[in-house]
Every structure is written in structure tokens, then in C-alpha cells.
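Notes to accompany the following structure.
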Amino acid sequence: MYKLLLINLLLSVSIWATEVVATVNGKAITRQDIDRFIAKSIPGAKYSMMTHSQQQKVINQLIERELYLKVAKKEGIENDPQFAIELKKVKENLMLDMWMKKRLDNIKISNSKIWDYYINHSSKFHRSAMASARHILVTTRAEAREIIRELETSSNIKAKFIQLAKNRSTGPSAKNGGDLGWFPKDQMVPEFSNATFALRKGQITH
């Protein structure tokens, strides 16, 4: 049963790949032709995920290509000396691409080698400690204490902090709810950095 199912599956794939979607001057355009065209011209796209109009546009492009190709052959472009030069370049590039792909496919890197590289170059992977913080700038201690009281009695400190920062902060970050983003310790003034890095997540200070 397994072999029979496998044969049926392979047969289905083969039929799908050779499915004719259009014919131009007696030459068939198959699903395989479409997939190859999409892979080269629209990387990451899938024919099956396209809308009907998008699929039709791709098919029309392939039809136009075949029509232009026939005209080019009829006009004897193959006999143009420049054609031979360009064809040689294409062949050389294709040969080089295939050779490089074959070489890369044969490269096997073990987990132990990856680990050894990390150990020997660990400094490249280290980064300074980072912190993310919000702040509210006010002009008087009284106002700062009032804001602290509002935060301490709030059931959602983060949301309240953002609201207060937008409404009462005098700093440029007010429009972002006081958000300063992520920063290393040496980026801010020592007083602010020391206080920030001493806090636990969700804590506030003044």
C-alpha cells in the first residue's frame, strides 16, 4: 500500500509539473515553466498564493516572451556576432554559478566546529548590558512627588506612566510616553544610568 501511495504521489507531482496552462504557436507553457519564471523574477512568491489576475499576468508575460522569442529568431538574431559573445558570457556565468553551488553544497560544518569558532571568537558575540526605560521630566519636586503618588495608587502602572508622560513631561520623549528605547549604561548620564540599571523590571524611581 505504501509503495502504491508513493507511486500515485509521484505521478500526481509529475502531472502537476507538466500541466499545460497555455499554448503559443504550438509550444506548451507548463506549470513548471511558470514556477521557474516566478522563482527568477519574483523571489519568494508562489503561483498558488497569487490572485487570479496576478496568475494571468504571469501567464501573459510568458506568452509575450514566447512571441518575442519567435520574432527574434525570425529576424536572425542568432546570427548576430554580438549574440555569440553574449551567449558565451551567459554560459560562463551559469557554469561558475553551478560550480559554486556544488562546492557550497559539499561543505559540511559540524556542531563541534561551530562551537570551537564561538569559543575562539566569543568577544565578537558579546554586547554591553542594555536597559529599556521611560522617564517623566518635571520642573519641581512637588510635581514629581505628586506623579509618584498617582503611579503608586494606579492598578496599571505602565499605562498610567505613559499617560502622565504624555500629559505632564517637559522632555522631548513626552510624545512617545516617555519611552527612551534600549540603551547601554554608558550612553546616559551616570545618575540616570545607575538608577535605571539598579531597578527591576516594572519598578519606578525618582
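Taken together, the values in this text are just the output of simple stated rules run on the coordinates, not laboratory data. Remember, it's a predicted structure, so these values are computed and weren't measured experimentally. Don't worry about glycine lacking a Cβ; one is built from the backbone with ideal geometry, like all the others, and counts go over all protein chains shown.
Charges at C-beta only: +1 for Lys and Arg, -1 for Asp and Glu. How large is the resulting dipole of the chain about its Cα centre, in Debye rounded to 20? Could the numbers behind the result be given before it?
Numbers: 33 positive and 20 negative charges, 89 e Å.
So the magnitude is around 420 debye.
Each residue of region 137-142 in order: what ³J(HN,Hα) in whole Hz does its phi give by Karplus 6.51 cos²θ - 1.76 cosθ + 1.60, θ = phi - 60°, with x for Gly and Pro?
9, 10, 9, 10, 5, 4
For a footprinting-style exposure proxy, rank ILE77, ILE109, ILE63 by other Cβ within 10 Å, fewest first. Don't skip to the answer; put the middle values down first.
Numbers: ILE77 12, ILE109 8, ILE63 16.
Final ranking by Cβ density, sparse to dense: ILE109, ILE77, ILE63.
To the nearest 10 degrees, how steeply does helix 81-105 sit against the main Cα axis of the chain, on a 0 to 90 scale?
Once rounded, one gets 60 degrees.
Of GLU66, GLU78, GLU143, which is the most mobile in a GNM of the chain whose springs link Cα atoms less than 10 angstrom apart?
Among GLU66, GLU78, GLU143, the largest mean-square fluctuation in the Gaussian network model of the chain belongs to GLU143.
What is the angle, in °, between the Cα long axis of helix 2-17 and the longest principal axis of the Cα atoms in the chain? Nearest 10 is fine, range 0 to 90.
80 degrees
What ranking of ARG127, ARG168 emerges when the number of other C-beta atoms within 10 Å of each C-beta is taken as an exposure proxy, fewest first? Intermediate results must be reported in sequence, preceding the final value.
Values: ARG127 7, ARG168 17.
Ranking ARG127, ARG168 by Cβ neighbours within 10 Å, fewest first, gives ARG127, ARG168.
Within a 10 angstrom radius of the beta carbon, how do MET49, MET130, MET188 rank from fewest other beta carbons to most?
Numbers: MET49 8, MET130 12, MET188 18.
So the residues, fewest neighbours to most, are MET49, MET130, MET188.
In degrees, nearest 10, range 0 to 90: what is the angle between the Cα axis of helix 111-120 and the longest Cα principal axis of the chain?
Helix 111-120 sits roughly 40 degrees off the main axis of the chain.
Can you tell me the Rg and the Dmax, both Å, for the Cα atoms in the chain?
32.4, 89
List every residue whose amide H lies under 5 Å from the amide H of ALA22, counting only residues 5 or more places away in sequence or on a different chain, with H placed 1.01 Å from N in the peptide plane.
ILE29
Return the subset of LYS89/LYS124; LYS40/LYS108; LYS124/LYS185; LYS27/LYS57; LYS40/LYS70 for which the Cα-Cα distance in this structure is over 29 Å, preserving the input order.
Details: LYS89/LYS124 40 Å; LYS40/LYS108 27 Å; LYS124/LYS185 19 Å; LYS27/LYS57 19 Å; LYS40/LYS70 22 Å.
With Cα atoms farther than 29 Å apart: LYS89/LYS124.
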